[in-house]
1. With N set to the residue count of the range 34-74, report its C-alpha Rg divided by 2.2 N^0.38 Å to two decimal places.
2. Keeping every protein chain present and rolling a 1.4 Å probe, give me the accessible area per residue for the range 36-93 in Å².
3. Ignoring ligands, DNA and RNA, how do Met70, Met23 rank by accessible area with a 1.4 Å probe, largest first?
4. Need the full-extension length gain, Val20 to Ser73, defined as separation in residues times 0.36 nm minus the C-alpha distance. One decimal, nm.
5. Could you check the spin-label model distance between Gln43 and Glu58? Points 7 Å from the Cα along Cα→Cβ, value in nm.
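The values are calculated or read from the model by the stated rules, or taken from the named source; none is laboratory data. Remember, it's a predicted structure, so these values are computed and weren't measured experimentally. Heads up, the Cβs are rebuilt from the backbone with ideal geometry, glycines too, and the neighbour counts pull from every protein chain shown. Each accessible area value is taken on the protein alone, full model and side chains, heavy atoms only, with ligands, DNA and RNA left out. Shrake-Rupley method; radii C 1.70, N 1.55, O 1.52, S 1.80 Å.
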Amino acid sequence: MGYSESRTAERAVGTKKGRVLIMQSSAEVLGSEVVYRLYRAKQAGEYVYLIYAGYKRERVYCAAGKSRDMAESIFSAVVKGRVTPCTLPCIVSDLLPDAAEEEAAVFEMYYKAN
């Protein structure tokens, strides 16, 4: 079983589907390359971030929220963990903040400030 170090490149490139490529990386898992990409896309007038993982014939896109900082953090964790497409949805959902927790944190910050 072999793993090699991943390579990460940052760039912003438009695609035919209207997505903008923000970051790209790859890693070797069990002798095959896994390709990772972080995209920004517009959905209902707002920017959202998508993480792509491609391994052999498997390809998956997962929503990574509306925050670029959070999406980049999740992307880095996915690359570092050499996540394959079959587990990407579970990993991303575990790493995304829970909407109720996020709302409570904003509420708490508001009351501390006032």
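1. Details: Rg = 10.8 Å, N = 41, 2.2 N^0.38 = 9.0 Å.
Against the empirical 2.2 N^0.38 Å value, I get 1.20 for the range 34-74.
2. On the way: 3170 Å² over 58 residues.
About 55 Å² of surface per residue is accessible.
3. Result of the area sort, largest leading: Met70, Met23.
4. 17.3 nm
5. 2.1 nm
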